1. Taking H placed 1.01 Å from N in the peptide plane, check which residues at least 5 places from Gly48 or on another chain put their amide H under 5 Å from its amide H.
2. Which whole-number percent is the relative contact order of the stretch 49-88 (Cα, under 8 Å, 6+ apart)?
3. Of the GluC sites (Glu not before Pro) in the stretch 356-464, which ones lie in a loop per DSSP and count no more than 14 other C-beta atoms within 10 Å?
4. Could you look at the stretch 56-174 and say what percent of its accessible area is carbon and sulfur, using a 1.4 Å probe and all protein chains?
5. Hey, what does the equivalent ellipsoid look like for the stretch 271-458, semi-axes from the Cα gyration tensor as sqrt of 5 times each eigenvalue, largest first, whole Å?
6. For the stretch 79-153, run through the GluC sites (Glu not before Pro) and keep only the ones in DSSP coil with at most 12 other Cβ atoms within 10 Å of their Cβ.
7. Modelled label-to-label distance, Lys124 and Thr147, 7 Å Cα→beta-carbon offset: nm?
8. What's the center-to-center distance, using Cα atoms, between the stretch 36-103 and the stretch 358-387 in Å?
Amino acid sequence: MISVLSRLSSFYSSYVLGVLTVGYILGELGHYLIGVTSKQTAIDLDYGDIACQMNTTMFERTELPEQCSAVTNETSCLALDINGTNYCEWNYNGLGIEYQILAGPTFILIFTIAGVFMGVAADKYNRVKMLTVCTVIFGIAIILQGTVKEYWQLVVLRMIMAAGESGCNPLATGIMSDIFPESKRALVMAIFNWGIYGGYGIAFPVGRYITKANFFNLGWRVTYLGTGILAILMAILTGTTLKEPERKAIAETNMQDKSGKKGNLWSVLKNPAMIMLMIAASIRHSGGMTFAYNADLYYNIYFPDVDLGWWLFCVTIGIGSVGVVVGGIVSDRIVAKMGVRSRAIVLALSQLVATLPAFGSVYFNPLWAMITLGLSYFFAEMWFGIVFAIVVEIVPLKVRSSTIGVFLFVMNNIGGNLPIFVDPVAKKIGYRGAIMIFYAGMYGISSILFLITCFMLEGKPKTEETTNKYDKDIEAHTRHIQGHDNSVFAGDEVPPYNNNLPVILTNNHLQKINGTDKAQIRESSRL
């Protein structure tokens with residue numbers, strides 16, 4: 001029995017990662033469902049823009065004598081037909097400033113403010129218990145979203161959901177950084193933060209097909225009810241099976257002030273490398289949020305006769321998850337050679353490569369749009385886990401979760417709110433052009449900013465080699481420590497001396513050579 005428990009305990013860290021990731025996926029599913037169910041929600045709750053839209057799959061777009069989107073008034077819209085069959089409707093399309101506010105600012109405002117407090121609390125209190133409460137809060141809020149009757153009720157509940165979900169990242173990141181070693185950290189953070197894209201990707205089939213199935217005559221509401229119930233179950237699993245890990249220091253010495261004192265939260269945040277990293281991450285996050293909030297609506301508007309729900313799911317979940325894993329592995333492998341700077345290099349290159357196919361995903365017709373979207377996702381989704389691996393490696397233990405909370409506050413306020421400008425820009429240059437700017441364009445800008453950041457981070461830790469002046473073959477092993485190191489080191493092996501005569505170490509650390517005791521200096525100290 002003991003041996004079985006011992007074997008099971010070896011899988012505990014993987015189990016923790018699994019529970020935390022699934023909980024995060026459900027939270028993000030609740031977050032992004034609005035982007036897929038927006039049209040049905042808008043029709044039910046009366047909000048947003050009204051437009052002429054294709055309402056049948058009986059005809060191909062190429063067969064239409066006039067495109068629905070080209071008509072700007074109700075009378076002309078309802079008059080369009082083919083052999084007496086109307087193919088357009090005048091109805092809510094799910095877009096408009098009300099939708100952009102609902103999807104972005106109302107969620108982000110609370111999410112970011114609450115996230116700062118959650119990060120500070122995570123440095124002081126039991127993170128597992130806090131995470132359990134947070135999951136219960138956002139789970140209940142998601143359930144209640146499926147019961148709303150008014151637009152303002154949906155706004156309030158999304159704010160409550162945001163408050164609960166705000167604790168997921170700083171709390172879970174702190175837990176995982178204390179469980180997993182540095183060699184696996186970027187991969188682990190990438191897998192966990194893939195929960196954002198996992199939830200977003202699952203939202204496509206759930207929001208589209210479950211809504212169409214109209215279970216229990218609830219339409220879009222059943223998607224929220226089901227997601228919330230699953231979140232409550234994960235909260236129970238989190239609270240009853242996870243334990244609070246011992247807090248461990250990770251590379252605390254990297255953020256010291258000139259006097260050598262450990263940095264506090266303010267000294268960490270005003271560090272140029274941290275500021276640049278936050279700006280770069282914010283711009284990249286803006287691109288991701290723009291596509292997340294608008295992808296389903298965009299493809300429905302431009303390709304109403306093509307069902308891309310499963311394509312979007314497969315690209316996001318399949319190719320995106322491979323990119324997440326590859327990014328984590330590459331980052332972890334080369335960090336030993338180049339230091340934490342290598343993670344920023346991986347970020348810069350991955351986002352640069354992802355930029356051109358991102359443009360293609362909103363330029364081409366469906367087939368090539370999905371192919372280029374897959375290419376973009378493979379490289380683009382490397383970023384999130386690597387960013388937070390950098391953060392936990394360059395900040396002191398005592399302010400780690402607080403820093404993550406502030407980092408998320410800045411990143412989400414900039415990245416999460418910039419997409420609100422999609423609507424006014426779209427009214428000036430068109431929806432497609434606005435998506436190109438705020439989605440693919442932000443990828444390209446972030447790659448430049450990540451490249452600048454890498455020059456502000458440390459390279460490979462330098463090691464000092466001390467060589468015995470009497471024996472050039474003796475290597476003194478040292479460890480990388482910033483500040484003063486007065487440790488005494490002794491070599492593990494004694495090298496052979498002249499003529500391969502035997503060397504014996506005595507208790508008083510003298511060496512007998514040809515029967516004569518000779519003192520050997522085997523110490524090194526560094527200031």
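The values are calculated or read from the model by the stated rules, or taken from the named source; none is laboratory data. Just so it is clear, the model here is predicted, and its values are computed rather than measured. Cβ atoms come from the backbone with ideal geometry, glycine included; neighbour counts cover every protein chain shown. Side chains are part of the model used for accessible areas, which takes the heavy atoms of the whole protein and leaves out ligands, DNA and RNA. Shrake-Rupley method; radii C 1.70, N 1.55, O 1.52, S 1.80 Å.
1. HN-HN under 5 Å from Gly48: Glu98.
2. Numbers: 40 pairs, mean separation 17.9, N = 40.
Once normalised by length, the contact order is 45 percent.
3. Values: sites: Glu381, Glu393, Glu458, Glu464; in loops: Glu381, Glu458, Glu464.
Within the stretch 356-464, the qualifying GluC sites (Glu not before Pro) (loop, at most 14 other Cβ atoms within 10 Å) are Glu464.
4. On the way: 3200 of 5160 Å².
Roughly 62 percent of what the probe reaches on the stretch 56-174 is carbon or sulfur.
5. Numbers: eigenvalues 179, 67, 35 Å².
Equivalent ellipsoid of the stretch 271-458: 30, 18, 13 Å, largest first.
6. On the way: sites: Glu89, Glu98, Glu150; in loops: Glu150.
Here the GluC sites (Glu not before Pro) that fit, given the DSSP loop and packing criteria, are Glu150.
7. 3.4
8. Computed from Cα coordinates, the inter-centre distance equals 27 Å.
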